[in-house]
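The values are calculated or read from the model by the stated rules, or taken from the named source; none is laboratory data. Keep in mind that what you see is a predicted model, and the values were worked out from it rather than measured. Cβ: placed from backbone, ideal geometry, glycine included. Neighbour counts: every protein chain shown. The accessibility values were calculated without ligands, DNA or RNA, using every heavy atom of the protein model including side chains. Shrake-Rupley method; radii C 1.70, N 1.55, O 1.52, S 1.80 Å.
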Amino acid sequence: MRYFTAGESHGPELTAIIDGLPAGIPISVEVINHDLKRRQGGYGRGGRMLIETDTVEITSGVRHGKTLGSPITLVVKNDDFKNWETVMGIDPVDDRAKKMRRLSKPRPGHADLVGGIKFEHDDLRNVLERSSARETTMRVAIAAICKQMLRELDVEVASHVLEIGGVRGQVPERMTVVEIQEKAENSVVRCVDPEIEEAMKEKIDQTKKDKNTIGGVVEVVIGGVPIGLGSHTQWDTKLDGKIAQAVVSINAFKGVEFGVGFEAARLYGSEVMDEIIWSKEDGYTRTSNNLGGFEGGMTNGMPIVVRGVMKPIPTLYKPLQSVDIDTKEVYKASVERSDSSAVPAASVVAEAMVTIEVAKAMLDKFESDSFNRMKDEVKRYREYTLNF
């Protein structure tokens, strides 16, 4: 499976094309729209979310509620484009129109300046529009389709917020994937620890008053994953490596870890390795999940547990020092619409990226032409691993 996204933040629409999904997957547009709404929500979001009501249109690859096996095209219209038609229009314009909303003062921490140098743009808006996190709309839509496939294969996905601006919650032991998702959905900051939710909100409120931004840590958990997705045989076939790249590809994400992650550097091997047990009912499992569901780049049957670190958003209402690319004089950076914290929404995007990589791994391992045959093959493989 492969996919591409296209579109600018204030352009007419966002588009995605997915190729390589089997025929016969049941698809619900309502499920996709539900996940798009989840991406737009969360405490700390800015004014853009009040303008856009993201809904998807499927223009190819699905007929009568099921995938055809041909490429699927997804489209989400930008409602705000009506206010940007001159600025973001496709047709040539005069010099007066070119200067409208032109960006010459790059924001520290954003793609503005580097992208302008790389592509030789004299208007940094040409970079801003594509590097905007609005692009993740289509990644969430793609993942919503992948998630519908995975659920049919008894694979469950959840995401939640562990930390915002230094305020950290705790995940109760033995909480199932379904329970994590339910608790996260009932929290405006997507935190499963109700005692911490109010402190997170207060931190976001104070940050907004200070005209600043904060980051945080999100966690994705995927249960029901078969043993043996990915491979140990080559560096680029290790599934945890693919997931790590996918998570860090999200706008503003700067780090990733699995299981106990960086804490492993401070522990003994006897405290980190997950001891192997076997039972007739469950087959091979582990007494713990410190490695986050991976051994040798392959899934070991335990839930995948991956965390991503999101830096504060670089657009500040109290802007930092920058340099005007026209005059080279010191200026305050440009200000665009921004969130004081987008960590709750970012957990939904992280969930999407891990979901996509797991779906791709399933399609690499099992039948990928017919979904009915794929389901049969997955069922037989689960029986094989149970009785190995």
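Once neighbouring chains are kept in place and the probe is 1.4 Å, which whole percent of the accessible area of segment 1-108 is contributed by carbon and sulfur?
Its accessible area is 53 percent carbon and sulfur atoms.
Once the Cα atoms of helix 239-248 and of the chain are each reduced to a long axis, what angle between those two axes, in degrees from 0 to 90 to the nearest 10, is obtained?
The two axes meet at around 20 degrees.
Please list, short to long, the whole-number percent of alpha-carbon pairs of the chain in consecutive 10 angstrom bins beginning at zero.
5, 21, 30, 25, 13, 4, 1, 0
Once ligands and nucleic acids are excluded and a 1.4 Å probe is used, how much of residue 382 is accessible, expressed in Å² to the nearest 10?
Accessible surface of residue 382 is approximately 70 Å².
Tell me, what is the Rg over Rh of segment 1-92, with Rh the Kirkwood radius over Cα pairs?
Radius of gyration relative to Kirkwood radius: 1.03.
How large is the helix-only mean residue ellipticity at 222 nm for the chain, computed as the sum of -39500 (n - 2.57) over DSSP H runs with n ≥ 4, divided by its residue count, in deg cm²/dmol to the nearest 500?
The per-residue figure over the chain is -10000 deg cm²/dmol.
Give the angle, between 0 and 90 degrees and rounded to the nearest 10, that separates the Cα long axis of helix 343-365 from the longest principal axis of the Cα atoms of the chain.
Approximately 50 degrees, to the nearest 10.
To test your reading of the geometry: what angle, between 0 and 90 degrees and rounded to tens, separates the Cα axis of helix 194-209 from the longest principal axis of the chain?
That helix lies at roughly 20 degrees to the long axis.
Ordering 355, 59, 385 by how much accessible area each has at a 1.4 Å probe, largest first, what is the list?
Values: 355 0, 59 75, 385 25 Å².
Largest accessible area first, the residues go 59, 385, 355.
Defining a contact as two alpha carbons under 8 Å apart and six or more residues distant in sequence, what relative contact order in percent does the chain show?
22
Quick one: accessible area per residue over segment 246-388, 1.4 Å probe, rounded to a whole number of Å²?
50
Can you tell me how much longer the chain between residue 320 and residue 271 gets when fully stretched, taken as 0.36 nm per residue apart minus their C-alpha distance, in nm with one decimal?
13.2 nm
Pick out, from 344, 20, 109, the residue whose Cα sits farthest towards the positive end of the charge dipole of the chain, with +1 on the Cβ of Lys and Arg and -1 on the Cβ of Asp and Glu.
Value: 109.
Residue 288 to residue 370: FRET efficiency via 1/(1 + (r/R0)^6), r the Cβ-Cβ distance, R0 30 Å, to the nearest 0.05?
Numbers: r = 38 Å, r/R0 = 1.27.
Efficiency, rounded to the nearest 0.05: 0.20.
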